[in-house]
1. Amide H of V340 versus every other amide H placed in the peptide plane: which residues, excluding those fewer than 5 positions away on the same chain, fall under 5 Å?
2. Would you mind checking the pairs K89/K132; K64/K245; K70/K357 and listing those with alpha carbons more than 20 angstrom apart?
3. What list of ³J(HN,Hα) couplings, whole Hz, do you get for region 183-195 from phi and the Karplus terms 6.51, -1.76, 1.60, once you set θ to phi - 60° and write x for glycine and proline?
4. Return the long-range amide H neighbours of M167 (sequence gap of 5 or more, or a different chain), with a cut-off of under 5 Å between placed amide H atoms.
5. If amide H atoms are built 1.01 Å from N in the plane of the peptide, which residues on other chains or at least 5 residues away come under 5 Å of the amide H of S119?
6. Using θ = phi - 60° and the Karplus relation 6.51 cos²θ - 1.76 cosθ + 1.60, list the HN-Hα couplings for region 322-332 in order, rounded to whole Hz, with x at every Gly or Pro.
7. Once the convex hull of the alpha carbons of region 6-386 is built, what does its volume come to per residue, in cubic angstrom?
8. Per the Kirkwood treatment, what hydrodynamic radius in Å, one decimal, follows for region 223-314 from the mean inverse distance over all distinct Cα pairs?
Amino acid sequence: MPEYSHTVENETIIEKITNNKIVVGIGFLVGLVFIALVSINIIQAFKRPSTTKTPVVLQGDETKYFTEIKRATQGGVNAEAYWSFDSTKLVFQGIRDGHAPCDQIFTMNADGTDVKQVSVGEGKTTCGYYLKDGKSIIYSSSMDTYGKGCPPAPDSSFGYVWAVYKMNMYKADATTGQIIKNLTSSDYYEAEGTLSPDGNTIVFTSTRDGDLELYTMDTNGDNVKRLTYTPGYDGGAFFSHDGKKIVWRANRPRGSQLGNYLDLLKLGLVEPVNYPMDIYIMNSDGSNQKKLTNIGGANFAPSFLPDDSGIIFASNQNHGDTRQFHLYIVDVDGKNLRRVTTGGTYNLFPHFSYDGKYLSWSSDRDASAPHLMDVYVAKVSDLIKKN
Ligand SMILES: *[C@@H]1O[C@H](CO)[C@@H](O)[C@H](O)[C@H]1NC(C)=O
């Protein structure tokens with residue numbers, strides 16, 4: 001299953017997707033030949049002009065939750081598309097034809113027109129989010145910690161692990177991409193930033209205190225406060241629309257697993273997952289932390305419904321194939337779990353537009369080759385709006 005934070009998450013989802021296909025493939029074919037074929041497919045997929053418009057359809061219960069769906073991107077690996085406050089634009093990260101070989105930040109109109117790279121093209125760049133004025137964005141990049149190229153792949157001698165890269169957070173002009181301010185300047189992982197509804201506070205994930213924990217800061221990088229203290233990976237946080245709550249995902253390794261987790265983290269590595277990842281909710285000052293999911297497996301990428309009555313998130317549980325990730329909704333009291341998506345094998349990073357009318361997420365439902373993902377935008381039905 002994929003890794004669970006933005007950066008680590010996206011990285012690992014890509015790697016995991018590849019990995020799943022390879023593992024599945026080895027079952028049927030001669031491993032190396034298959035891997036070579038997969039690689040060629042991927043390369044060809046990236047080289048193919050990305051203009052094919054696949055008809056996009058809603059499947060199963062999706063027709064209850066959505067009235068229409070549009071594929072907003074056409075090719076590449078596109079993930080973590082989050083709305084501007086005026087609900088007209090999306091900022092997302094992508095590995096796309098004609099751009100750097102590791103993630104860059106792009107913006108587009110909600111209908112998929114006017115895609116523009118807005119990161120400077122150096123380093124691995126992830127976790128974009130609009131500031132409230134719509135004129136600037138925040139994102140994380142490895143450009144000042146590892147230089148212009150992509151950061152090194154994790155050391156495979158530690159087994160099946162992924163890197164928690166040293167990355168810093170930046171504020172940049174949403175149109176020109178020019179960096180306006182360094183929000184952090186550290187040798188740690190500083191990423192997964194999203195905004196409070198009043199636009200004044202960033203919640204983010206950092207390793208600055210020796211564990212992956214959640215923090216808030218002002219939009220100029222000042223006034224940093226720590227919100228979580230429990231050992232394990234706390235990340236991927238989003239505010240509720242009334243600003244009172246924060247939802248996030250965490251794993252809680254215990255005993256020898258905890259020792260192993262902390263040892264690896266010191267080396268800048270995390271294990272994909274040997275322990276469940278769950279959805280948690282707390283007050284936005286860090287008080288009253290509660291676990292919302294109890295279904296095992298990997299539950300991540302949570303964000304609030306438009307009326308804050310529930311949480312939408314991605315899970316590999318409850319649909320009979322843990323290699324598939326689908327979107328689920330659960331009420332804020334942890335009850336009434338319901339499945340939302342049916343199409344594709346990956347449905348990740350759901351985020352409602354601020355006007356409550358649309359949901360964006362990433363899916364492979366029309367992908368032309370293994371492990372490619374596009375951003376989809378669906379108009380939500382009253383079932384979600386009134387829920
Ligand atoms: C951000 O930090 C980098 C690396 O220290 C530095 O080169 C750059 O000038 C800084 N940018 C701004 C806008 O302060």
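1. Residues meeting the criterion, in which the H sits 1.01 Å from N, are L327, Y328, I329.
2. Numbers: K89/K132 12 Å; K64/K245 28 Å; K70/K357 14 Å.
Too far apart for the 20 Å limit: K64/K245.
3. Values per residue, Gly and Pro as x: 7, 10, 9, 10, 9, 10, 7, 10, 7, 6, x, 9, 9 Hz.
4. Y188, Y189, E190
5. The answer is I105.
6. 6, 7, 9, 10, 10, 8, 10, 10, 9, 5, 5
7. With only Cα atoms used, region 6-386 gives 132 Å³ per residue.
8. Working: mean 1/r = 0.0717 Å⁻¹.
Answer for region 223-314: a Kirkwood hydrodynamic radius of 14.0 Å.
We did not get these values from a lab; they are worked out from the coordinates using the rules stated. Predicted model only: the values in this text are computed from it and were never measured. Virtual Cβ from ideal backbone geometry, glycine too; neighbours counted across all protein chains shown.
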